[in-house]
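**Student:** My questions all concern the structure below.
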Amino acid sequence: MARILLARPRRSLGARKRSLGGSLLASGAGQALLVISGVLVARAPGPADRGYFALLVVVSSVCTLLGSGGLPTALTYFIARDKGSAKAVVGSLVAPVAVQVAATAVVQFGVMFAFTQGDPQRVKVAALVSLLLVPGILAQNYGLAILQGQERFLPFNVFRVLPSLVYTAAVLAVFILGVADIVILMAMWAAALLSAGILALAVSVRRLPGESQSVSSPSRSHLFKFGLKSLVGSVSPID
């Protein structure tokens, strides 16, 4: 019996070390891919379009960050608190998230319209393409939130890196072909995020456990309140 009790903490410690190692590896790989793609993007379209591209990406990130209302953080917390309620929690947010995506896209369209007035046509086209970042970013955020709440760290780390990996490979290809411009780069970034986000969301909901009554499922209002309160604290100061 004593041996069994001693073995359990060791296995738990080993699992934590593997999770930590996977997280560090994913973070390092993500940063390395961003450096590679950043250098290529800086050289391919020229400094002016590189600046426009960065502006469009930042605006999209801010809009989706505020538009999410902190719900991904709330999702992670309540799923981790009681994994048996994960299915009910996720199901209660399907309709609100659909409205959230549409509303965020509308707000981003207005912001982009204000920012790109008087800019070249190619920048306006890229701004329209950037609207696809809204469902892509939110799908990835919710997929990662569910995976993290379930403590499925292997797919969690894979999907953290996947969009950057796909995007970097695409940027390298168009750079070699000499056809990189701001519209193509934005289309590739949006496609990478959208495809990886949908895949992450699909994988995360496939293994939702059956409902349990150990802890009552939080209401939508509780989820929204928790998300809004956690929005500032869960965001990096750099963001």
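The values are calculated or read from the model by the stated rules, or taken from the named source; none is laboratory data. Worth saying up front: this structure is predicted, and the values here are computed from it rather than measured. Here the Cβ is made from the backbone with ideal geometry for all residues, glycine too, and neighbour counts use every protein chain on show. When the accessible area is computed, the model is the full protein with side chains, heavy atoms only, and any ligands, DNA or RNA have been set aside. Shrake-Rupley method; radii C 1.70, N 1.55, O 1.52, S 1.80 Å.
**Student:** A74 - would you say it is among the hydrophobic types (A, V, I, L, M, F, W, C), modelled with pLDDT of 95 or more and over 14 Å from the mean Cα position of the chain (by Cα)?
**Tutor:** Taking the combined requirement at face value, the residue does not satisfy it.
**Student:** For the subset of region 86-98 comprising residues that are under 13 Å from Y142 (Cα atoms) and free of Cβ contacts under 8 Å to residues at least 24 places away in the same chain, which member is least open to solvent (accessible area, probe 1.4 Å)? Walk me through it before giving the result.
**Tutor:** Within region 86-98, the subset under 13 Å from Y142 (Cα atoms) is 86, 89-91, 93-94, 96-98.
From what's left, free of Cβ contacts under 8 Å to residues at least 24 places away in the same chain: 91, 94, 98.
Numbers: G91: 46, V94: 93, A98: 63 Å².
Checking each candidate, the answer is G91.
**Student:** State yes or no: is K229 open to solvent by 80 Å² or more (accessible area, probe 1.4 Å), within 22 Å of L71 (Cα to Cα), without any contact (Cβ under 8 Å) to a residue 12 or more places away in the chain and not hydrophobic (A, V, I, L, M, F, W, C)?
**Tutor:** No; evaluated as a whole, the condition is false for this residue.
**Student:** For region 27-85, which residues satisfy the criterion of being open to solvent by less than 30 Å² (accessible area, probe 1.4 Å), without any contact (Cβ under 8 Å) to a residue 12 or more places away in the chain and assigned to a helix (DSSP H, G or I)?
**Tutor:** Hit for region 27-85 is G38, nothing else.
**Student:** Between residues in region 117-132 that are free of Cβ contacts under 8 Å to residues at least 24 places away in the same chain and residues that are in a loop (DSSP other than H, G, I, E, B), which pairs lie under 9 Å by C-beta distance while being six or more apart or on different chains?
**Tutor:** Listed by first residue and then by second, the contacts come to K124/Q117.
**Student:** Another question, if that's okay. Would region 173-189 turn up any residue that is in contact (Cβ under 8 Å) with a residue 40 or more places away in the chain and over 30 Å from I36 (Cα atoms)?
**Tutor:** Within region 173-189, not a single residue is in contact (Cβ under 8 Å) with a residue 40 or more places away in the chain and over 30 Å from I36 (Cα atoms).
**Student:** Same structure again: Could you check how many residues of region 173-187 are of a type in the set (V, I, T) and not in a helix (DSSP H, G or I)?
**Tutor:** Number satisfying all stated conditions: 1.
**Student:** With the structure loaded, tell me whether D119 is more than 19 Å from S204 (Cβ to Cβ), open to solvent by less than 30 Å² (accessible area, probe 1.4 Å) and either in a loop (DSSP other than H, G, I, E, B) or charged (D, E, K, R) (or both) or whether it fails that test.
**Tutor:** No, not satisfied.
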